[in-house]
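Asker: Below you will find the structure I want to go over with you.
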């Protein structure tokens, strides 16, 4: 008898409430007597706040509090992933020095949202403006934004082979490209929001967060409160994508306001905030070289990564650029490999995490280099990739940048992809004046973050383990309580499937509790980094074995049988092969909870908890292909076909996995073609931000391979980010294929109509 | 270095909120959009509800629901302690057959409490009245209230020596008394109340309850809901005294109303409800004989206990009378001992639990018999007691009714008491026309309920274990989460003291979470039966050892020392004898939670849970003395002095213990002198209920002995009920001593002025 649930397309149980307006978003939290907050943000990108006059604010009917820098000077938030030598490791919640347009300068609290907004407009700011610094390359030579540091380079380190440069210098062929990635926004459908209430010495924070346990930790440290005096609740999250990984200055101010008021305070970011105050990501410049021998073997590759941190490192510090570095080699064999990473500050909004976390950038640079090399050497681009790709028998394999790829068949993914594209026959589409091309990209993806000690070595604030509590109630129903959260990714359903199979009960009897620090076990990182299922599910797998063992031990005692001869089946424990001899789960569970008739040494209760602290990372991988049509008159690029072959280990729910990948591809298409936050030279964002709609996203064909992870309990690898990693590279390669005359200049994303048209004109 | 907290008079931490209006009583729970309920109760004691017309109810503005018997016919509540052969084991929430005045017949729900009350008055009941049956003795011969049972005797069993009657028949002296105990009410200051909310398939019930986990269980079973779909919250309880041990029909109806409405429904019992709908207790008739030889040795004793259950057994069934039976022998040696117990139904409100639970009744009967025997034999009553009392070297000792007294020095308690009374010199008070006397009583008390298997043998619905979760947060603060609840008894402070000492941290770092099924571990019984500290504190003691061991193991790894050489001291773990070598708790706790640098085999996290499932009961004991003045003109009895010597094992907080005993004595004085719920012959309560005020309660002198329990971890015995057990006996003996001419007729409580005056006239 196989697993009835793991591997099945079980409908997502969270959808019933999400689709019927019953989701428990922060915006739906209404507490009696709530006040409302509005953040006052800096209109200038760089300068000093010399003072602010709140007289007019207080004159507005209903205003109850005005929090300015003096009130919050003591509050700082940490960078949780601090790279070696990183020069800024925390940042203030409010600061008199302004380093980006949109920086919070004050919080106005009032009895109605309207009063708060009206009053916030009246805060009289006395500003001394300074010149802005926009763009990472310009920042290298600009006056330091933090004069005490003497430089705008906040982090600078190298990885890989020291003799890589020499290998490139001596190689037969060298391809060099400079790739620029635009700044994009995670742009979750649900804006960030907080409802904070302070009563009985306890701060209760409803917040749209991917990591409520982390929020609790950071607020406790910021406010100097014992951790247990803070409860953080994040029941349903309408998308996070990394943007809701940690707590923000504005969110911290709302908590401060609640503590000052002794009443609940409610706040939601405005649409404008979402593009400035919510951390954006990806902006970087890669100077990259790929060296090949006469047979097209990859002799060496080096990359200089220059990342734009914005005004200060975000919550995850500069680690997104470190992940770029560690995943740059992808699924290939290189004779030598080296990377240098620099993160610089600029007078733009701080950058942070975004689904993919440095990996789409790494993939774009590497895969563009390979396509360009194939073009120059006259080798088929798929053949060139296959020639240099790590074969399954070479795994496990540790790369020059220290990643140990655990398992997989990378060539099979690419060959499968090529077959899919060929079957689709897209290159034979009719001629409508547009020029067509197909592009490929391959990647290896780090998932299942991650080993606590590794993370500590990185200076991370928390290890990478997850915990799960499993309780079987007296009626035989099962409650799963986990530290990971439901951010729309379907984790609630996947954990229910796992629990049902690993214990042996119908899925209808399983309830999953997430997103409340008071009722769920500690999660050291949260639902980020494609880790909820491989790490959280790993903990669940371990706990379920314990629960099942306890059930079987009690049943064995009751039935006078050996536990090994018994199995949990539906609503009873029965003798294998003799289903007539059984004892109902309800009876066993009642007996366990009430402490009756238990075998010697078995404690009362039927609740097990376990943690899974990974000893190593696990690595998923994938291959993407895009077919595009480019209108040479306008430069507009349309994605006409998209194919993904992905291997994320054991598939718990193929429908959820496909949905995750399709959503990620859609975001990747936006990043490749339309989405970008642009700043004027004086640091003002001037963005008409265009996430793709159903018109821009074609049907996406997803084929899953399934190589179990040898690392995680249950064999799952993560899949949350997979979809986002390939599209910029595949689409840029497709555009280059469609327009061979400008192929070597197709290096920057997004490939907006304006950018493509300009390339064609040049 | 001794314990800094255990044994100290640490101020009660709960008092800050209780005394400043910040207690989290149900009445303070305000949920947006709440509806309000009013219970319609039967005006007659016995009959049939033929129908009810709600037209006029619905016509009241704001009425949203009317729940009548047809809507709740399927809902039943269980008797959790079912005695062998007990004929009724559950009862309906609503019933067309009426068996007491005040029985719920319907629930009216409206937008305001006023509308609900006004509308409830308009429900038109069509009633068919039948004759009432009032009084347990009358019920023996009355037509059966449950015709299908053929009798009003619901339970009937015997315990003890079969040849006891023969021993009495052959004895030199036999004293025979018939003692009658009035029906009294636990009468907590905070009325019962419920705020129930149903949303997202979850029923959240704020209820003033001593056993929230039990409430959850019973509601789940009544409604057929999975247990995990119900959360019960009982944060602060303004007294329970047994009345709030389980869930009531009216409370269940409020939950049903919330489920029907999909909105919160709020209800509080009315002052009138408290004496009828809230379970009362104690009413019983004891026919008792004590046989002595010529030296005053107790040859034998037998008692016929006839208990009045009211209309049906309450939540605890008839077990209160069983406890009377098992504690009737008290601290004495008897040649033979026997008891018969019958519980009968009458057309009065159901009887239930009340602090003391059968033990004040047992003590009254036994101690009156002994005083009467002393008078008749001309032996000093204290000497007679000492002559027959079990000596410390005779313990452990199993009585004829199966109780194994574990430890104590009963004669020492009585001798200490006599010395106290003699020092006070009360018998030499001036002559104001009143007649004075002193009375003594001794008892052994069962506490620490109790062994799960024993309770199952009694048919109880739950075992007697308790669980505690102890968490040390990253900042070194400690959170205690326990299944017992704060009913005013000071358990929050006592658990904090225990945790602080057993782990080794300052008490200011300890927070105690109680009273929420979502955040506290399962409690199989709740805060009843003087068990919160011996059983809950026992679990805490075990969990604290585990937490401390884990801390020391991590510190040993860090300090490269042996764990045995280390100790927790304040905010660090240090080497014993070398305090300079230490590691801060904050550092150890952070390392544990974040999964860094832990010794092999140590899981991340710093949270331990343990249960304590007693293998046997533990027995406290005490001796009480009362000095009274009786006004022969009016029959009024004044208690002029009161002394208690009590031994409850290890004292965690002497101030809390003394407070518990004084409060119990006050209730006992009420029971002895003024409190009684009286019914007319047609079953109507006609009560001017008079709990004692500060004018009726004298200064009470309490002296504590301290014999550690050999049974419980930590050595604590319970003390919550101790104060209530002695007063009726001591005061009745004092009245008998003051009025020797009527001494043999001083058998019934309360000894109201009317009753004493009548005895003096007869």
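Asker: Does segment B:245-261 hold any residues that are modelled with pLDDT of 95 or more and either assigned to a loop (DSSP other than H, G, I, E, B) or more than 29 Å from the chain's Cα centre (by Cα) (or both), and which are they?
Answerer: B:248, B:257, B:258, B:259, B:260, B:261
Asker: Checking residue A:515 against (1) surrounded by fewer than 24 Cβ atoms within 10 Å (Cβ to Cβ); (2) within 14 Å of chain B (Cβ to nearest Cβ), which single condition isn't satisfied?
Answerer: (1)
Asker: Another one. Filter segment A:310-332 for residues that are touching a strand residue (DSSP E or B) at 6+ places or on another chain (Cβ under 9 Å) and assigned to a loop (DSSP other than H, G, I, E, B) and give the result.
Answerer: A:310, A:311, A:312, A:313, A:315, A:318, A:328, A:329, A:330, A:331
Asker: Also, quick follow-up: Which of the residues belonging to segment A:586-605 are within 12 Å of chain B (Cβ to nearest Cβ) and part of a helix (DSSP H, G or I)?
Answerer: Across segment A:586-605, the qualifying residues are A:586, A:589, A:590, A:591, A:592, A:593, A:594.
Asker: Answer yes if at least one residue in segment A:722-730 is closer than 30 Å to residue A:503 by Cβ, touching a residue at least 40 places away in the same chain (Cβ under 8 Å) and either not in a strand (DSSP E or B) or not assigned by TED's automatic domain parsing to the domain that holds residue A:536 (or both), and no otherwise.
Answerer: The answer is yes, given that some residue of segment A:722-730 is closer than 30 Å to residue A:503 by Cβ, touching a residue at least 40 places away in the same chain (Cβ under 8 Å) and either not in a strand (DSSP E or B) or not assigned by TED's automatic domain parsing to the domain that holds residue A:536 (or both).
Asker: Would you check if residue A:495 is outside any strand (DSSP E or B), touching a helix residue (DSSP H, G or I) at 6+ places or on another chain (Cβ under 8 Å), more than 10 Å from every other protein chain (Cβ to nearest Cβ) and touching a residue at least 60 places away in the same chain (Cβ under 8 Å)?
Answerer: Answer is no for this residue.
Asker: Those residues that are in contact with a helix residue (DSSP H, G or I) (Cβ under 8 Å, 6 or more places away or on another chain), surrounded by fewer than 21 Cβ atoms within 10 Å (Cβ to Cβ) and farther than 16 Å from residue A:24 by Cβ, I need them from segment A:183-214; list them, please.
Answerer: If the condition is that a residue be in contact with a helix residue (DSSP H, G or I) (Cβ under 8 Å, 6 or more places away or on another chain), surrounded by fewer than 21 Cβ atoms within 10 Å (Cβ to Cβ) and farther than 16 Å from residue A:24 by Cβ, then A:187, A:200, A:201, A:202 are the ones that fit.
Asker: Then there's this: Being surrounded by fewer than 24 Cβ atoms within 10 Å (Cβ to Cβ) and more than 17 Å from residue A:386 (Cα to Cα) is true for just one of A:299, A:285. Which residue is that?
Answerer: A:285
Asker: Turning to a different aspect of this structure: Quick one: which residue in A:251, A:221, A:245, A:217 is closer than 24 Å to residue A:449 by Cβ, within 14 Å of another protein chain (Cβ to nearest Cβ) and buried (at least 22 other Cβ atoms within 10 Å of the Cβ)?
Answerer: Residue meeting the stated conditions: A:217.
Asker: Another one. How many residues are loosely packed, with under 15 Cβ neighbours inside 10 Å and not in a helix (DSSP H, G or I) when one looks only at segment A:159-175?
Answerer: Total satisfying the criteria: 5.
Asker: Taking segment A:67-94 as the search range and keeping residues that are out of contact with any strand residue (DSSP E or B) (no Cβ under 8 Å at 6 or more places or on another chain) and free of Cβ contacts under 8 Å to residues at least 40 places away in the same chain, which one is farthest from residue A:323 (Cα to Cα)?
Answerer: Among them, the one singled out is A:70.
Asker: Another question about this same structure. For residue A:611, state whether it is within 30 Å of residue A:555 (Cα to Cα) and assigned to a strand (DSSP E or B).
Answerer: Yes, satisfied.
Asker: Consider residue A:107 carefully, then state whether it is outside the structural domain of residue A:687 (by TED's automatic domain parsing), part of a strand (DSSP E or B) and either modelled with pLDDT of 95 or more or buried (at least 20 other Cβ atoms within 10 Å of the Cβ) (or both).
Answerer: Against the criterion (outside the structural domain of residue A:687 (by TED's automatic domain parsing), part of a strand (DSSP E or B) and either modelled with pLDDT of 95 or more or buried (at least 20 other Cβ atoms within 10 Å of the Cβ) (or both)), residue A:107 qualifies.
Asker: Please determine whether any residue of segment B:2-16 is over 26 Å from the mean Cα position of the chain (by Cα), in a loop (DSSP other than H, G, I, E, B) and buried (at least 19 other Cβ atoms within 10 Å of the Cβ).
Answerer: Yes, segment B:2-16 contains a residue that is over 26 Å from the mean Cα position of the chain (by Cα), in a loop (DSSP other than H, G, I, E, B) and buried (at least 19 other Cβ atoms within 10 Å of the Cβ).
Asker: Looking at this structure, is residue B:578 closer than 30 Å to residue B:13 by Cβ and either within 14 Å of chain A (Cβ to nearest Cβ) or modelled with pLDDT under 95 (or both)?
Answerer: no
Asker: Tell me, please, whether a residue that is under 25 Å from the mean Cα position of the chain (by Cα) and in a loop (DSSP other than H, G, I, E, B) can be found in segment A:657-667.
Answerer: There is no residue in segment A:657-667 that is under 25 Å from the mean Cα position of the chain (by Cα) and in a loop (DSSP other than H, G, I, E, B).
Asker: Which one of A:307, A:294, A:240 is crowded, with 24+ Cβ neighbours inside 10 Å, in a loop (DSSP other than H, G, I, E, B) and away from chain B (no Cβ under 14 Å)?
Answerer: A:240
Asker: Further question: Going residue by residue through segment A:196-215, is there one that turns out to be over 21 Å from residue B:605 (Cα atoms), over 20 Å from the mean Cα position of the chain (by Cα) and assigned to a loop (DSSP other than H, G, I, E, B)?
Answerer: Within segment A:196-215, one or more residues are over 21 Å from residue B:605 (Cα atoms), over 20 Å from the mean Cα position of the chain (by Cα) and assigned to a loop (DSSP other than H, G, I, E, B).
Asker: Could you list all residues from segment A:17-36 that are surrounded by 15 or more Cβ atoms within 10 Å (Cβ to Cβ) and within 14 Å of another protein chain (Cβ to nearest Cβ)?
Answerer: A:17, A:18, A:23, A:24, A:25, A:29, A:31, A:34
Asker: In the set B:60, B:66, B:82, B:39, which member is surrounded by 16 or more Cβ atoms within 10 Å (Cβ to Cβ), part of a loop (DSSP other than H, G, I, E, B) and in contact with a helix residue (DSSP H, G or I) (Cβ under 7 Å, 6 or more places away or on another chain)?
Answerer: Only one candidate passes the filter, namely B:60.
Asker: Same structure, new question: Look through segment A:446-486, keep the residues that are in a helix (DSSP H, G or I) and within 8 Å of chain B (Cβ to nearest Cβ), and return whichever of them is modelled with the lowest pLDDT.
Answerer: Ranking the qualifying residues of segment A:446-486, first place goes to A:453.
Asker: I want to confirm something. Restricting to segment B:545-572 and keeping residues that are part of a helix (DSSP H, G or I) and crowded, with 20+ Cβ neighbours inside 10 Å, which single residue is nearest to the chain's Cα centre (by Cα)?
Answerer: B:547
Asker: Determine, yes or no, whether residue A:542 is modelled with pLDDT of 95 or more, touching a strand residue (DSSP E or B) at 6+ places or on another chain (Cβ under 8 Å), part of a helix (DSSP H, G or I) and within 11 Å of chain B (Cβ to nearest Cβ).
Answerer: In short, yes.
Asker: From (1) more than 14 Å from every other protein chain (Cβ to nearest Cβ); (2) within 28 Å of residue B:492 (Cβ to Cβ); (3) assigned to a strand (DSSP E or B), pick out the condition that doesn't hold for residue B:286.
Answerer: Result: residue B:286 fails condition (2) only.
Asker: Given the options B:270, B:234, name the one that is surrounded by fewer than 19 Cβ atoms within 10 Å (Cβ to Cβ) and not assigned by TED's automatic domain parsing to the domain that holds residue B:748.
Answerer: B:270
Asker: Same structure, new question: Let me spell it out: the conditions are (1) within 14 Å of chain B (Cβ to nearest Cβ); (2) crowded, with 22+ Cβ neighbours inside 10 Å; (3) free of Cβ contacts under 8 Å to residues at least 24 places away in the same chain, and residue A:523 meets all of them except one. Which number is the exception?
Answerer: Tallying (1) within 14 Å of chain B (Cβ to nearest Cβ); (2) crowded, with 22+ Cβ neighbours inside 10 Å; (3) free of Cβ contacts under 8 Å to residues at least 24 places away in the same chain, residue A:523 fails exactly one: (3).
Asker: If residue A:507 passes every condition in (1) over 27 Å from residue A:241 (Cα atoms); (2) touching a strand residue (DSSP E or B) at 6+ places or on another chain (Cβ under 9 Å); (3) modelled with pLDDT of 95 or more; (4) within 14 Å of chain B (Cβ to nearest Cβ) but one, which one does it miss?
Answerer: The number of the failed condition is (2).
The values are calculated or read from the model by the stated rules, or taken from the named source; none is laboratory data. Just so it is clear, the structure is predicted and the values come from calculations on it, not from any experiment. Neighbour counts are summed over all protein chains in view; Cβ atoms, including those assigned to glycine, are modelled from backbone coordinates with ideal geometry.
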